[in-house]
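Q: Please find one structure pasted underneath; my questions will follow.
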Amino acid sequence: MLRFFVICAEIVLLVIVLRSPFVQYFFSDIQSTVSGWFVSISELPEQRELDALRNQAAAQLAPLKEFEANYLRRILASRSTVMRFHIAYCETTDINPNFSLGKRQQLCTLIEQSKLLEPDR
């Protein structure tokens, strides 16, 4: 019978400690850190593909003027910006004021060869 009361007292004490503000803050901090790790891990293949595309574009489109290089960095910053550029300038015949027709076509070819336009699985 004494063992039952000791176990009940331990459970009550554990509940009281776990509901304290410090422990709640501590667990929420751990949760946000671990979820940040998982987000980073899930974005790793996309970042590798973006890095490969940056390297290919820098090699094939060289030499670039400073404003062209800055614009290319902004385009290749994320998957969404690559997709927006592709929709705006590769799927249509709109004129891009930052790239000549030849460089734009080369960049569109590189983007289409990459895996960045594939839908998420």
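The values are calculated or read from the model by the stated rules, or taken from the named source; none is laboratory data. Note that the structure is a prediction, hence the values are computed from the model and not measured. Reconstructed Cβ throughout: ideal geometry from the backbone, glycine too, with neighbour counts over all protein chains shown. All accessible areas refer to the heavy atoms of the entire protein, side chains included, with ligands and DNA or RNA removed. Shrake-Rupley method; radii C 1.70, N 1.55, O 1.52, S 1.80 Å.
Q: Using the alpha-carbon centroid of each, what span in Å lies between the stretch 1-43 and the stretch 84-121?
A: 49 Å
Q: So what is the 222 nm mean residue ellipticity for the chain from helices alone, if each DSSP H run of at least 4 adds -39500 (n - 2.57) and you divide by all residues, rounding to the nearest 500 deg cm²/dmol?
A: It lands at -24500 deg cm²/dmol.
Q: Suppose all protein chains stay in the model; what accessible area per residue would a 1.4 Å probe give for the stretch 73-118, in Å²?
A: Per-residue accessible area for the stretch 73-118 comes out at 60 Å².
Q: Going through the DSSP H helices of the chain, which span 30 Å or more along their own axis at the Cα atoms while scoring at least -1.0 as a mean Kyte-Doolittle hydropathy?
A: 21-61
Q: Turning to a different aspect of this structure: Full-extension gain between Gln60 and Thr33, please, as 0.36 nm times their residue separation minus the C-alpha to C-alpha distance.
A: 5.8 nm
Q: Another question, if that's okay. Taking 0.36 nm per residue of sequence separation and subtracting the Cα-Cα distance, how much length would be gained by fully extending the chain between Arg19 and Ile7, in nm to one decimal?
A: 2.5 nm
Q: According to the Kirkwood expression over distinct Cα-Cα pairs, how big is the hydrodynamic radius of the chain, in Å?
A: 18.4 Å
Q: Moving on to the next point. To the nearest µm²/s, what D does Stokes-Einstein give for the stretch 45-115 at 20 °C and 1.002 mPa s, using the Kirkwood radius over alpha carbon pairs as Rh? Display every interim value, and only then the final one.
A: Values: Rh = 12.1 Å.
Answer, rounded: 178 µm²/s.
Q: Please get the size of the charge dipole for the chain, origin at its Cα centre, with Cβ charges of +1 on Lys and Arg and -1 on Asp and Glu, quoted in debye to the nearest 20. Show your work: numbers first, answer last.
A: Values: 13 positive and 13 negative charges, 22 e Å.
With only Lys, Arg, Asp and Glu charged at Cβ, the dipole is about 100 debye.
Q: Still on this structure, please answer the following. Could you tell me what percent of the accessible area of the chain is made up of carbon and sulfur, with a 1.4 Å probe and every protein chain present?
A: On the chain, the fraction of accessible area on carbon and sulfur atoms equals 63 percent.
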